[in-house]
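Asker: Following this message is one structure expressed as structure tokens.
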Amino acid sequence: GTEEIIETTEELKRGLRQDLVTGGLDHDEYKETKLGPRPVRIPEAWEVETVGEVAEVVTGSTPDTDNEEYFGGDIVWVTPTDITGTEGPYLHDSERKITEEALDNCSATLMEPGAVLVTTRATIGATAINTVPATTNRSMSSFSLSL
């Protein structure tokens, strides 16, 4: 019935998306490579690289939350809640800010605009691109493209 048609259509869409991602358009020669746990065929001209080969990966840091002098500054300090509360792909601000002293006394890195901010705990995999210099808490990682 209708349920079977919907499921078949969904399976077809998933298969077509997979073909597009791994096969691309207008390629004649393919090679087999391992992406994750299984081998896939990709166009011969494509190269497979790790995230670390194309981006600087930075883990966030949380300043000592008992030190009031570390909070209330003007440095954007992004948490997963800031990411999940963002409309669209860009993050322009954060609910909480840290001070220069906090930045100097924890391992947080100030990321230039254009980094991809990713949640790594609680809500895993939510993303945003910062439009202002920003740091992140320890529940996040940032990717700054090094191309």
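Asker: Among Thr62, Thr50, Thr86, whose mean-square fluctuation peaks in a Gaussian network model of the chain (Cα, cutoff 10 Å)?
Answerer: Comparing Thr62, Thr50, Thr86 in the GNM, the peak value goes to Thr50.
Asker: Which residue fluctuates the most in the chain, going by a Gaussian network model with Cα springs under 10 Å, if the choices are Ala45, Ala102, Ala55?
Answerer: Fluctuation is largest for Ala45.
Asker: Next question. Using the basic label-point model (7 angstrom from Cα toward the beta carbon), what is the Thr131 to Asp28 distance in nanometres?
Answerer: 4.6 nm
Asker: In debye, nearest 20: dipole of the chain around its Cα centre with unit charges on the Cβ of K, R (+) and D, E (-)? Kindly include the intermediate steps, with their values, before the conclusion.
Answerer: Values: 11 positive and 28 negative charges, 75 e Å.
Its charge dipole is roughly 360 debye.
Asker: If I compute solvent accessible area with a 1.4 Å probe over the protein chains, what percent of it on the stretch 1-138 is carbon and sulfur? Intermediate results must be reported in sequence, preceding the final value.
Answerer: Numbers: 4560 of 9270 Å².
Roughly 49 percent, rounded to a whole number.
Asker: If we count GluC sites (Glu not before Pro) as exposed when they sit in a DSSP loop and have at most 14 other beta carbons within 10 Å, what is the longest stretch of the chain that avoids them all? Could the numbers behind the result be given before it?
Answerer: Values: sites that count: Glu29, Glu44, Glu47, Glu49, Glu87, Glu95.
It runs 96-147.
Asker: Please give the helix 2-23 orientation as an angle from the longest Cα principal axis of the chain, in degrees from 0 to 90, rounded to the nearest 10.
Answerer: 80 degrees
Asker: Right, here's the next one. Probe of 1.4 angstrom, ligands and nucleic acids ignored: what's the accessible area per residue over the chain, in square angstrom? Mind showing how you got there, number by number?
Answerer: Values: 9770 Å² over 147 residues.
With all protein chains present, the chain gives 66 Å² per residue.
Asker: Putting +1 on Lys and Arg Cβ atoms and -1 on Asp and Glu Cβ atoms, find which of Ile124, Thr84, Ala55 reaches farthest to the positive end of the dipole of the chain.
Answerer: Value computed over the given set: Ile124.
Asker: For P(r) over Cα pairs in 10 Å bins from 0, in percent, one of [x] 11, 35, 37, 15, 1; [y] 11, 32, 28, 17, 9, 3, 0; [z] 11, 29, 25, 20, 12, 4, 0 was computed from the structure I shared and the rest are decoys. Which label?
Answerer: Label [z] holds the value from this structure.
The values are calculated or read from the model by the stated rules, or taken from the named source; none is laboratory data. The structure displayed is predicted, hence computed values, not measured ones. Backbone-built Cβ (ideal geometry, glycine too); neighbour counts: all protein chains shown. Accessible surface areas use protein heavy atoms only, side chains included; no ligands, DNA or RNA. Shrake-Rupley method; radii C 1.70, N 1.55, O 1.52, S 1.80 Å.
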